[in-house]
Amino acid sequence: IVVIGYGTQKRRNVTSAVSNFDARALSERPVGRVDQALVGQMAGVTVKQTTGALGKGMSVQVRGSGSITAGNEPLYVIDGFPLATAAPNGSGNFSLGNPLDNINPNDIESIQVLKDAAAAAIYGSRASNGVVLITTKRGRSGKPAITLNAYTGYMERSRKLDMLNAEEWIDRSTEIINAQWVASGPGRTASQTNEQRRQILSLPVGQVNTSFMTDDRWYQPGHPGLRFIDWQDEAFRKGLTQNYQLSASGGNESVRYYVSGNYTSQQGMVIYTDYTAYSARMNVEVNANKRLKFGLNLNPTYSVNNDPGVEGKDNILHQMVSFTPVQEDSMGLYPNVGDFGQYRWSVSPNSPIGKLQYTTGETKRFRTISSVFGELQIIKGLTAKTTVNLDNIDNSSKSYVPYIIASNLATRQAQLTAQTSGSFNSFRKQTLVNENTLNYTTTINGVHDLSLLAGHSYNQDKIDRIAISSTGGFSSAVITTLNAANGISLNRDNTNEARNVLISYFGRLQYGFNNKYLVSASIRRDGSSRFGANTKWGVFPSASVGWRVSEESFLKNSSLISDLKLRGSWGTAGNYNIGDYSSIPLLGGYNYTFGGAGVVGQAPAGITNPDLGWEKSETFDVGFDLGLWRNRLTMAFDYYTKLNSDLLLNVPIMGATGFNTFLSNAGSVRNKGWEVEITSRNITGRDLQWTTYLNLSHNRNKVVSLAGGQNQLLIPSAFDISHSILQVGQPMYSIFVVRQIGILTQDDLNKGVALYGSETVGDPKYFDAKNDGVIDANDRVIVGHPTPDYTWGITNNVRYKGFDLSVLVQGQNGGSIYSLLGRALGRTGQGFTDNALGFYRDRWRSPDNPGAGVVSKAYSTFGRIKNTDWLYSSDYIRVRNITLGYDIGKGLKLKPVQGMRVYLTLENFFGHDKYKGGFNPEALNTDVSGSSVYPEPGDYGGLPLPRSLVFGVNVNF
């Protein structure tokens, strides 16, 4: 039996693409989040662990990315409660809450993913990215069953970024300073001593110019007065993790219950980061009589996440790896903090250790998911059900940056209170859903199986926000609340309220003849307040057919083929993930002059589009399910093509309107691919069992059309020129940079090769794509794309008597990642003596010592255009999980104990990739984009994945 939308169905009768995850494995493996359990488990379901930060959700995509601006996360349905999610922002953070936040994985009974539109269309306008159905555990009649699951262990970084050590930094900095000195005037040579340079510069005794002079202590034995520091070793740690879960279930013919409680405590792999969560669950079903049933699901959760701002552009992780590894010994780990000044040859800001220790970044979230339902059997086979669901999220976050880690020493001393800053943000998000269904099932003459579904749904989302921030006014490093500020000066404060309503009508027909020929069709009509006056309603039909060939007489008695089903499907679904008021006229604040005085006023903030409607997806799918040798070997194969059209894009318009663009349905993207899932029961003995699960997916993504007939659209970058592009015929967000083809030699200069700026020998050599003799932004070409071509996973489960072993290996191939962090760590302009990536050991030093021939010299007089020097393959293979367990319950002979299992788990201990520009080839920091509309991918300082070792015990009473 598998769960489908608004019902269940026998697996053998399913005619659409549905993947199933047996959540019983969650009780045998410590998993912190539900989405973590899905990594590498299903074909066509890509789960990216984009960050190692605590409490952050993962990126889940079903059959690729189809939307450019409206998000690609699936719809989650938890015990029949549909919960949409917005796309994650930078560092994997779902700012308005991820439906999977704080849900205890041990409460999960089963997970199904509806991958094609025929399966998902019953959810209409929210299903174009697929649907994840999660069913939690229920009580069963019988004596109470109590389960305790506890584990503890540690987590640490899975890798260390290769940076120059202190000695290597001194070598590179000396090279930079000498180059700057030689270039600063005639008669100046690298061999001149600091004293000679001081005299040439007419500096007083004891004064230095750090641009042209080195620190004499660098070269003295023991480096007196200096301290060599590996900032990564100081900032990362082994963090304690622990989890305790207790559940009880049972009941009788009238009442069944399942209750549980969960406590999680995690110390982050970065010092001064931690995460604590509490959750409880109560699922109760009551049979009032033979025809009437009631139920209640209640799931309150509470979490506290302390993160001072580790990930992302210019945040602490970026500063940690770039921070100068040589410091004054007297400052210890706190240069430029409090009363300490800055090491003169350090161009970095305040100590990253100081920032981690003194910065406050706290997020608290209280959430309750609740459902009540009543179910009445009107006549035999006809059931009416009504459900009321409520998801309430109360979220608050505050930050505080004290003056002791702000600016420089002189400014801190002169402007004590002006250097503090803080903020407070909160929101309350409520989702109310009422659904009413009629379901009729019958079998006619023993050969005609018929199931009919009709339903109505009302969905309301409401969110209230408050935000306030201040720079200056704080006078205490201990009292961090804004009401403690003295003479507070606000730089941002606002309140916001938004609401949207979705009304739906839906139906489905399922028919089977003689257990061989299967037909299914569904339709849904959605009306949303988010869309224009002319397009508020959308219709989403689907149909699928199946033929159970193995039930035909010519195969029914086959000893080879035990099951064979051919199936095909077509369907449409939608995506309504845009702003609540994007289709109606809004007012924005504008100042103007009236009577010679400035007046605050309001004016339209954009152009109204009454035709703004849903994004649509249309999917065709053909596949088969195969079982061999009495299902010792089973396989599911699908080939699909999915066209996402009417994509929400900003269309250029005439400037005479007062605006540059307006939001419209104007683009399309196609995903095409295949996927296969194989289960092999290799050994099925009494004492020894061995099962292998394999899944493999291939997906190709292509932009089909853009707004206004454009051929391409450059994605604005947060800095410098764009490095991502949407181009017709190419994958979404293709990487668009200049191609580096080597290092310039004197021979290249003599031949007159194209140069970027005032390049000379030892600088990068670029490909002149335009063949115009000049290297500039016009020479950018598409060099890769962020979406992998292949994703796969292999799980082997072995059981021998009381022992069990599970090994999950997972990987991806064919994608690329662009490292903005690597670019920031490779700056070569004047004064850039921050630390650099380790491959700068093999840099060009002279024509006689060109190094590896791919890394340019340490110093240049100009910046560097975005190029393939920071382009990496995102391919990886990773042993995600190894769990070894032993069942010792029977040997204990303790009367209350029905079973006991102890286990040891290794997570992310082994793996291989070629990514040298950061910690994680799956990293995704969307804050590298210069536009809030386009979530440009890239890595600007994503944390490494945590490597963990955990010991646990399961006890059944």
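Overview of values
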{"read-out": "Residue satisfying all of: in the range 24-40; over 19 Å from Y278 (Cβ atoms) and not in a helix (DSSP H, G or I); modelled with the lowest pLDDT among these", "value": "R29"}
{"read-out": "Hey, N631 on the phi > 0 side of the Ramachandran plot and assigned to a loop (DSSP other than H, G, I, E, B) or not", "value": "yes"}
{"read-out": "Residues of the range 807-830 satisfying the condition of being in a loop (DSSP other than H, G, I, E, B) and more than 30 Å from S173 (Cα to Cα)", "value": "G814, G815"}
{"read-out": "Restricting the range 694-718 to residues that are of a type outside the set (A, V, I, L, M, F, W, C) and buried (at least 20 other Cβ atoms within 10 Å of the Cβ), the residue that is farthest from N778 (Cα to Cα)", "value": "N695"}
{"read-out": "Selection status of N591, in contact with a Ser or Thr (Cβ under 7 Å, 6 or more places away or on another chain), more than 30 Å from N665 (Cβ to Cβ), assigned by TED's automatic domain parsing to the domain that holds V676 and exposed (fewer than 13 other Cβ atoms within 10 Å of the Cβ)", "value": "no"}
{"read-out": "Hey, G250 crowded, with 17+ Cβ neighbours inside 10 Å and assigned to a strand (DSSP E or B) or not", "value": "yes"}
{"read-out": "Tally, over the range 521-540, of residues that are assigned to a strand (DSSP E or B) and out of contact with any helix residue (DSSP H, G or I) (no Cβ under 7 Å at 6 or more places or on another chain)", "value": "6"}
{"read-out": "So D804, is it of a type in the set (D, E, K, R), crowded, with 18+ Cβ neighbours inside 10 Å and part of a loop (DSSP other than H, G, I, E, B)", "value": "no"}
{"read-out": "Of all residues in the range 296-318 being out of contact with any Gly (no Cβ under 7 Å at 6 or more places or on another chain) and buried (at least 20 other Cβ atoms within 10 Å of the Cβ), the one that is modelled with the lowest pLDDT", "value": "V310"}
{"read-out": "Counted residues, the range 594-636 - those being surrounded by fewer than 17 Cβ atoms within 10 Å (Cβ to Cβ) and in contact with a Lys or Arg (Cβ under 6 Å, 6 or more places away or on another chain)", "value": "1"}
{"read-out": "Selection count, the range 580-617, where residues are assigned to a strand (DSSP E or B) and in contact with a Pro (Cβ under 9 Å, 6 or more places away or on another chain)", "value": "3"}
{"read-out": "Residues that are surrounded by fewer than 19 Cβ atoms within 10 Å (Cβ to Cβ), closer than 19 Å to G338 by Cβ and among the small types (G, A, S), drawn from the range 383-420", "value": "S407, A410, A414, A418"}
{"read-out": "Condition check for Q196: more than 30 Å from V270 (Cβ to Cβ) and in a helix (DSSP H, G or I)", "value": "yes"}
{"read-out": "Criterion (on the phi > 0 side of the Ramachandran plot and at pLDDT below 95) met by exactly one of G487, G532", "value": "G487"}
{"read-out": "Residue match in the range 742-758 (condition: in contact with a helix residue (DSSP H, G or I) (Cβ under 6 Å, 6 or more places away or on another chain) and part of a strand (DSSP E or B))", "value": "no"}
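The values are calculated or read from the model by the stated rules, or taken from the named source; none is laboratory data. The structure presented is a predicted model; accordingly, all values stated were derived computationally and were not measured. Cβ atoms come from the backbone with ideal geometry, glycine included; neighbour counts cover every protein chain shown.
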